[in-house]
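Heads up, the thing below is written out as structure tokens.
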Amino acid sequence: MTGVLSHKFTHYIPRYFPKMLIFVWNHVAVNIFENQYHDLMMNIIVFGPPGSGKGTQSVKIAGKYHLAHISTGDIFRSEIRNKTKMGNKVQSYISKGELVPDELLLDILKNAMEKHSGTRGYVFDGFPRTIHQAVSLDKLMQEKNQEITLVLALEVSGEEVVKRLLKRAQLEGRSDDNEEVIRNRLKVYHEQTEPLLTYYDEQDKLATVPGEGTIEGIFKNLCRAIEGDSAG
Ligand code: AMP
């Protein structure tokens with residue numbers, strides 16, 4: 001009997017050994033790698049008042065660290081240009097310098113994230129802008145087994161911001177860049193968006209970086225904050 005069993009055993013092991021190896025690889029090793037990969041993921045929020053240079057710096061950060069750039073403002077402008085239903089809904093808020101209602105943002109964000117689902121992380125530019133959006137983003141990240149790694153807040157004085165936005169109004173002709181709308185956007189920023197600084201500071205995720213100076217100088221300081229953070 002023993003002879004028959006041991007015969008069967010030695011017969012089956014070589015036959016199934018490669019399959020066993022593949023099974024172990026799929027269920028153990030790949031899991032370990034995925035966890036390490038997630039640890040390496042970087043999800044950054046670039047934060048600051050309108051005109052602080054968030055857009056410019058977000059594009060540079062995304063390029064350098066191979067992250068997907070998500071700008072809710074750019075998405076809305078493109079929807080308006082293409083005269084979509086969404087564009088129609090958001091146009092009046094944007095042209096007055098008001099925030100688009102929170103309930104319109106989550107689907108937009110989910111779609112944008114899905115478009116880049118293989119990315120090693122995201123740079124969020126102009127999102128979140130309310131505590132409600134920040135909480136929704138945290139939940140969404142949790143569902144994906146990820147989290148916001150770092151919030152980079154660009155510090156720019158009120159006068160400088162108005163000066164920059166007025167200049168941009170002349171250059172780009174954005175409909176929300178006239179003085180009255182600019183003042184409203186700043187008011188909305190202080191009232192609804194600025195409280196997020198405390199929200200992220202309490203989670204120990206906030207790094208403030210001076211947002212005045214040359215584009216390259218500011219970018220260098222942002223990179224220092226990112227690399228200092230990922231170095232632990
Ligand atoms: P931005 O290009 O980021 O300055 O956004 C331009 C405008 O789009 C804002 O003034 C808002 O009207 C709207 N917008 C962009 N992102 C958001 C957001 N996360 N929540 C609400 N409104 C937004």
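Can you pull out the residues in segment 185-229 that are surrounded by fewer than 19 Cβ atoms within 10 Å (Cβ to Cβ), within 14 Å of Gly53 (Cβ to Cβ) and in contact (Cβ under 8 Å) with a residue 60 or more places away in the chain?
Within segment 185-229, Ile215, Phe219 meet the criteria.
Taking segment 54-75, which residues are in contact with a Gly (Cβ under 8 Å, 6 or more places away or on another chain) and within 11 Å of the ligand (Cβ to nearest atom)?
Residues satisfying the conditions are Lys54, Gly55, Ser71, Thr72, Gly73, Asp74.
Restricting attention to segment 196-210, which residues are of a type outside the set (Phe, Trp, Tyr) and touching a helix residue (DSSP H, G or I) at 6+ places or on another chain (Cβ under 6 Å)?
Taking segment 196-210 as the starting set, the residues that turn out to be of a type outside the set (Phe, Trp, Tyr) are 196-198, 201-210.
Leu196, Leu206, Ala207, Val209, listed by residue number.
Quick check on my filter: what residues within segment 110-132 are out of contact with any Ser or Thr (no Cβ under 9 Å at 6 or more places or on another chain) and farther than 14 Å from Val46 by Cα?
Narrowing segment 110-132 to residues out of contact with any Ser or Thr (no Cβ under 9 Å at 6 or more places or on another chain): 110-111, 114-120, 122, 131-132.
Once the filter is applied, which keeps residues that are out of contact with any Ser or Thr (no Cβ under 9 Å at 6 or more places or on another chain) and farther than 14 Å from Val46 by Cα, segment 110-132 yields Lys110, Asn111, Glu114, Lys115, His116, Ser117, Gly118, Thr119, Arg120, Ile131, His132.
Do we have Ile108 as touching a residue at least 24 places away in the same chain (Cβ under 8 Å), under 23 Å from Leu152 (Cα atoms) and not polar (S, T, N, Q) here? It would help to see each step written out before you state the result.
Working: touching a residue at least 24 places away in the same chain (Cβ under 8 Å): yes; under 23 Å from Leu152 (Cα atoms): yes; not polar (S, T, N, Q): yes.
For Ile108, the condition - touching a residue at least 24 places away in the same chain (Cβ under 8 Å), under 23 Å from Leu152 (Cα atoms) and not polar (S, T, N, Q) - is met.
Could you please find all residues in segment 167-208 being under 26 Å from Arg224 (Cα atoms) and either acidic (Asp, Glu) or modelled with pLDDT under 95 (or both)?
Across segment 167-208, the qualifying residues are Glu194, Asp201, Glu202, Asp204.
So that you can scan it fast, the table gives a plain yes or no per residue for (1) more than 12 Å from the ligand (Cβ to nearest atom); (2) surrounded by fewer than 13 Cβ atoms within 10 Å (Cβ to Cβ); (3) over 30 Å from Cys223 (Cβ atoms); (4) within 13 Å of the chain's Cα centre (by Cα):
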residue: Arg77; (1), (2), (3), (4): no, no, no, no
residue: Ile80; (1), (2), (3), (4): no, no, yes, no
residue: Asn88; (1), (2), (3), (4): yes, yes, yes, no
residue: Gln91; (1), (2), (3), (4): no, no, yes, no
residue: Pro101; (1), (2), (3), (4): no, yes, yes, no
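Condition first: among the acidic types (Asp, Glu), under 15 Å from the mean Cα position of the chain (by Cα) and closer than 19 Å to Glu212 by Cα. Now tell me which residues in segment 121-171 satisfy that.
If the condition is that a residue be among the acidic types (Asp, Glu), under 15 Å from the mean Cα position of the chain (by Cα) and closer than 19 Å to Glu212 by Cα, then Asp125 is the only one that fits.
The values are calculated or read from the model by the stated rules, or taken from the named source; none is laboratory data. Model, not experiment: these values are computed from the prediction. A quick note on method: Cβ atoms are made from the backbone with ideal geometry, for glycine too, and the neighbour counts reach across all protein chains shown.
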